[in-house]
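In what follows, a single structure is set out as structure tokens and then discussed.
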Amino acid sequence: MLNHALACEPDLFVDLVKRVYRGKNEPARRPSQRDEDYATQAWWVLHEWVGFPGRRDDGTLDSEVMRNWVVAARLQLSDSDRADIGDEVIGQAFAHSPSGDDDIWPAEPVRELLEAIGSRDMENGLVIGRINSRGVTWRGVYDGGEQERTLAASYRSGSNSTKAAWPRTSRVLREIAESYERDAKREDLRAELDADQI
């Protein structure tokens, strides 16, 4: 119910963002215990949200509802001096959006939105959200970074395929690929160190 409400009601989303994040020019203050508790709960709701604006019950995306939601949320966030962080959190929400008709993530309506808005904060949020959505991984002791190399190759392929029509999306996918390539090197090193110790 909460996932559905967030995907349909930008006012609820904005209220949660306002509880967690201070306005860009808002002076620091010492919050009450009650405000801290609200902020903590709001943070968990925002970061555990597995839906996205415009999500239909079958998991597909309604592009018109998505656009209207984003416009409404961004206007309210701008009015409350939280445009930058708001765009980042919106981007994180779209990390759960489906792949497009061409089997490249994210779906075409999300790509169009990234191009139209041109917000680097939203793009950063999308990168952060997508990487964090992977969750816990399992591997053999000596496997190294093979999982991460496979993911990096997939995102790099998507980046190459979207370069002409959706350059901002292409950059997002390239950044995700580069992150997984760094992770692969780290896992390779860890496997080598483990092998040396045995």
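Quick check on the range 123-132. Is at least one of its residues of a type in the set (Val, Ile, Thr) and open to solvent by 50 Å² or more (accessible area, probe 1.4 Å)? For the range 123-132, residues of a type in the set (Val, Ile, Thr) and open to solvent by 50 Å² or more (accessible area, probe 1.4 Å): present. Residues in the range 70-93 that are open to solvent by 10 Å² or more (accessible area, probe 1.4 Å) and among the hydrophobic types (A, V, I, L, M, F, W, C): Val71, Ala72, Leu75, Ala83, Ile85. Annotation: of all residues in the range 25-59 being over 17 Å from Gly125 (Cα atoms) and in contact (Cβ under 8 Å) with a residue 40 or more places away in the chain, the one that is most open to solvent (accessible area, probe 1.4 Å) is Asn25.
Residues in the range 154-173 that are closer than 13 Å to Ile131 by Cα and either surrounded by fewer than 19 Cβ atoms within 10 Å (Cβ to Cβ) or among the hydrophobic types (A, V, I, L, M, F, W, C) (or both): Val172, Leu173. Looking across the range 78-112, the residues that are farther than 13 Å from Met66 by Cβ, in a helix (DSSP H, G or I) and not small (Gly, Ala, Ser) come down to Asp79, Asp84, Ile85, Asp87, Glu88, Val89, Gln92. In this structure, Glu9 does satisfy being within 20 Å of Glu88 (Cβ to Cβ) and open to solvent by less than 100 Å² (accessible area, probe 1.4 Å). Which residues, counting only those in the range 38-77, are closer than 20 Å to Val110 by Cα, of a type in the set (Val, Ile, Thr) and either under 17 Å from the mean Cα position of the chain (by Cα) or not in a helix (DSSP H, G or I) (or both)? Answer for the range 38-77, where residues must be closer than 20 Å to Val110 by Cα, of a type in the set (Val, Ile, Thr) and either under 17 Å from the mean Cα position of the chain (by Cα) or not in a helix (DSSP H, G or I) (or both): Val50, Thr60, Val70.
The values are calculated or read from the model by the stated rules, or taken from the named source; none is laboratory data. Keep in mind that this is a model prediction, so the values were computed, not measured. Because the Cβ atoms are built from the backbone with ideal geometry, glycine has one as well, and the counts that use them run over all protein chains shown. Each accessible area value is taken on the protein alone, full model and side chains, heavy atoms only, with ligands, DNA and RNA left out. Shrake-Rupley method; radii C 1.70, N 1.55, O 1.52, S 1.80 Å.
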